[in-house]
Amino acid sequence: MRLTSIITVNFNQPLVTIAFLESVRGNTKPDEVEIILVDNGSNEDYQQEFENTYPGLIYIRSEKNLGFAGGNNLGIHAAKGDFLLLLNNDTEITPNLIDVLSTELENDKEIGLISPLILYYDQPEIIQYAGFTEMNYITCRNRGIGSMDTNKGQYDKISRETGFCHGAAMMCRREDLLSVGLMEEQFFLYYEELDWCEKFKRAGKKIWFTGHTQIFHKESMSVGKESMIKTYFMTRNRMLYIRRNTNWFNTLIFSFYYIGIACPKQIILYLKKGRKDLVKWVFSGINWNLTHSKNSKELGFKI
């Protein structure tokens, strides 16, 4: 029997995390999984409540918020499983999730990362993710396959290579991480899973989607709410992703497009919405890339 390590990260969402643990407990076999919960610098420590919900839970607390990548990396270091399944704490799983994902990996050694079909929890008939198209590296844009479509079972029998996995649910083999490495913590928030997919691709591995199983994601369909943190990291990390994953010439072309066209367009949109407060964070995100090397270890968000 092969062990699967399920890794999730909590940041100030105890009730959401408890619901996640209840979902895992009700849809997995205790002897086939270990659950690793990383508390990522939350204001309060709910260790006892989490352990009461899932007996045998492996609980790790970081005193500061290490971001999505840093929190998951802490869990990966503690994992003992042959397979590692990274799940957002705002997801609920289905009974066959572990079996389907691990079987896909066992049947094709070329698959490096795999994600399932993702449906919205509040509107389970609507698809959030059924794969991604490849990236346009000049604009740093791609498209979600099936996104916002009604689920009519059109992906239930599909298992195929895709552009990128989805950060809400990704499984890989422990052994592949010896050559691929962990997620890059400098991203902190946004684009880290895309960068990780690129690392798997460079190691000769396929990025895979399967519709044979699914999860439900509690992320709102209107998640596009703007904030200082989102504006800063989306601006900063879109550019960082290109710098890390393309050559200098592509980076140069992208930079002209991004700084000269995409960012001014975004600033105009913010001004039209009356969100003048967000404009400075577009400039801050660009400036970070102009003053830091692509291997900079600086993390976090400073106001």
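Is it fair to say residue 112 is buried (at least 18 other Cβ atoms within 10 Å of the Cβ), assigned by TED's automatic domain parsing to the domain that holds residue 14 and in a loop (DSSP other than H, G, I, E, B)?
Values: buried (at least 18 other Cβ atoms within 10 Å of the Cβ): yes; assigned by TED's automatic domain parsing to the domain that holds residue 14: yes; in a loop (DSSP other than H, G, I, E, B): no.
For residue 112, the condition - buried (at least 18 other Cβ atoms within 10 Å of the Cβ), assigned by TED's automatic domain parsing to the domain that holds residue 14 and in a loop (DSSP other than H, G, I, E, B) - is not met.
Just to be sure, is residue 230 of a type outside the set (A, V, I, L, M), touching a strand residue (DSSP E or B) at 6+ places or on another chain (Cβ under 9 Å) and touching a residue at least 12 places away in the same chain (Cβ under 8 Å)? Steps first, please.
Numbers: of a type outside the set (A, V, I, L, M): yes; touching a strand residue (DSSP E or B) at 6+ places or on another chain (Cβ under 9 Å): no; touching a residue at least 12 places away in the same chain (Cβ under 8 Å): yes.
So residue 230 fails the test.
To keep it simple, each residue is scored yes or no on (1) of a type in the set (Ser, Thr, Tyr); (2) assigned to a loop (DSSP other than H, G, I, E, B); (3) over 16 Å from the mean Cα position of the chain (by Cα); (4) surrounded by fewer than 18 Cβ atoms within 10 Å (Cβ to Cβ).
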residue: 102; (1), (2), (3), (4): yes, no, yes, no
residue: 123; (1), (2), (3), (4): no, yes, yes, yes
residue: 134; (1), (2), (3), (4): no, yes, yes, yes
residue: 138; (1), (2), (3), (4): no, yes, yes, yes
residue: 146; (1), (2), (3), (4): no, yes, yes, no
residue: 154; (1), (2), (3), (4): no, yes, yes, yes
residue: 170; (1), (2), (3), (4): no, no, no, no
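Only one of 10, 40, 72 is in contact with a helix residue (DSSP H, G or I) (Cβ under 8 Å, 6 or more places away or on another chain) and touching a residue at least 60 places away in the same chain (Cβ under 8 Å). Can you tell me which? Reasoning before the result, please.
Details: 40 fails: touching a residue at least 60 places away in the same chain (Cβ under 8 Å); 72 fails: in contact with a helix residue (DSSP H, G or I) (Cβ under 8 Å, 6 or more places away or on another chain).
After ruling out the rest, the residue left standing is 10.
Look through 251, 246 and report the one residue that is β-branched (Val, Ile, Thr), farther than 30 Å from residue 13 by Cα and free of Cβ contacts under 8 Å to residues at least 60 places away in the same chain. Walk me through it before giving the result.
Numbers: 246 fails: free of Cβ contacts under 8 Å to residues at least 60 places away in the same chain.
Going through 251, 246 in turn, just one is β-branched (Val, Ile, Thr), farther than 30 Å from residue 13 by Cα and free of Cβ contacts under 8 Å to residues at least 60 places away in the same chain: 251.
Could you list, in sequence order, all residues of the stretch 47-86 that are surrounded by fewer than 20 Cβ atoms within 10 Å (Cβ to Cβ) and assigned to a strand (DSSP E or B)?
Listed by number, the residues that qualify are 58, 59, 60, 61, 62.
Test residue 44 against the stated conditions and say whether it is acidic (Asp, Glu), part of a loop (DSSP other than H, G, I, E, B) and surrounded by fewer than 20 Cβ atoms within 10 Å (Cβ to Cβ).
Working: acidic (Asp, Glu): yes; part of a loop (DSSP other than H, G, I, E, B): yes; surrounded by fewer than 20 Cβ atoms within 10 Å (Cβ to Cβ): yes.
Answer is yes for this residue.
Can you tell me which of (1) assigned to a loop (DSSP other than H, G, I, E, B); (2) surrounded by fewer than 18 Cβ atoms within 10 Å (Cβ to Cβ) is the one residue 178 doesn't meet?
(1)
Would it be correct to say that residue 225 is of a type outside the set (Gly, Ala, Ser) and outside any helix (DSSP H, G or I)?
Values: of a type outside the set (Gly, Ala, Ser): yes; outside any helix (DSSP H, G or I): yes.
Taking the combined requirement at face value, the residue satisfies it.
So residue 137 clears everything in (1) in contact with a helix residue (DSSP H, G or I) (Cβ under 6 Å, 6 or more places away or on another chain); (2) closer than 23 Å to residue 70 by Cβ except one condition, right? Which one?
Every condition holds for residue 137 apart from (2).
Please determine whether any residue of the stretch 71-83 is within 22 Å of residue 217 (Cβ to Cβ), in contact with a Cys (Cβ under 9 Å, 6 or more places away or on another chain) and modelled with pLDDT of 95 or more.
yes
May I ask you to verify whether residue 235 is among the polar types (S, T, N, Q) and under 17 Å from residue 136 (Cα atoms)? Outline the logic, then answer.
On the way: among the polar types (S, T, N, Q): yes; under 17 Å from residue 136 (Cα atoms): yes.
Taking the combined requirement at face value, the residue satisfies it.
Would you mind finding the one in 110, 104, 49 that is in contact with a helix residue (DSSP H, G or I) (Cβ under 9 Å, 6 or more places away or on another chain) and charged (D, E, K, R)? Walk me through it before giving the result.
Values: 110 fails: in contact with a helix residue (DSSP H, G or I) (Cβ under 9 Å, 6 or more places away or on another chain); 104 fails: in contact with a helix residue (DSSP H, G or I) (Cβ under 9 Å, 6 or more places away or on another chain).
Unique residue meeting the criteria: 49.
Taking the stated definitions as given, is residue 195 among the charged types (D, E, K, R) and within 30 Å of residue 279 (Cβ to Cβ)?
Values: among the charged types (D, E, K, R): yes; within 30 Å of residue 279 (Cβ to Cβ): yes.
When the stated conditions are applied, residue 195 passes them.
Quick check on this structure: which one of 236, 160 is surrounded by 22 or more Cβ atoms within 10 Å (Cβ to Cβ) and of a type in the set (D, E, K, R)? Step through it out loud before you land on a result.
On the way: 160 fails: surrounded by 22 or more Cβ atoms within 10 Å (Cβ to Cβ).
The conditions single out 236.
The values are calculated or read from the model by the stated rules, or taken from the named source; none is laboratory data. As the structure is a computational prediction, the values presented were derived from the model and not from experiment. In this analysis, Cβ positions are derived from the backbone assuming ideal geometry, glycine residues included, and neighbour counts consider all displayed protein chains.
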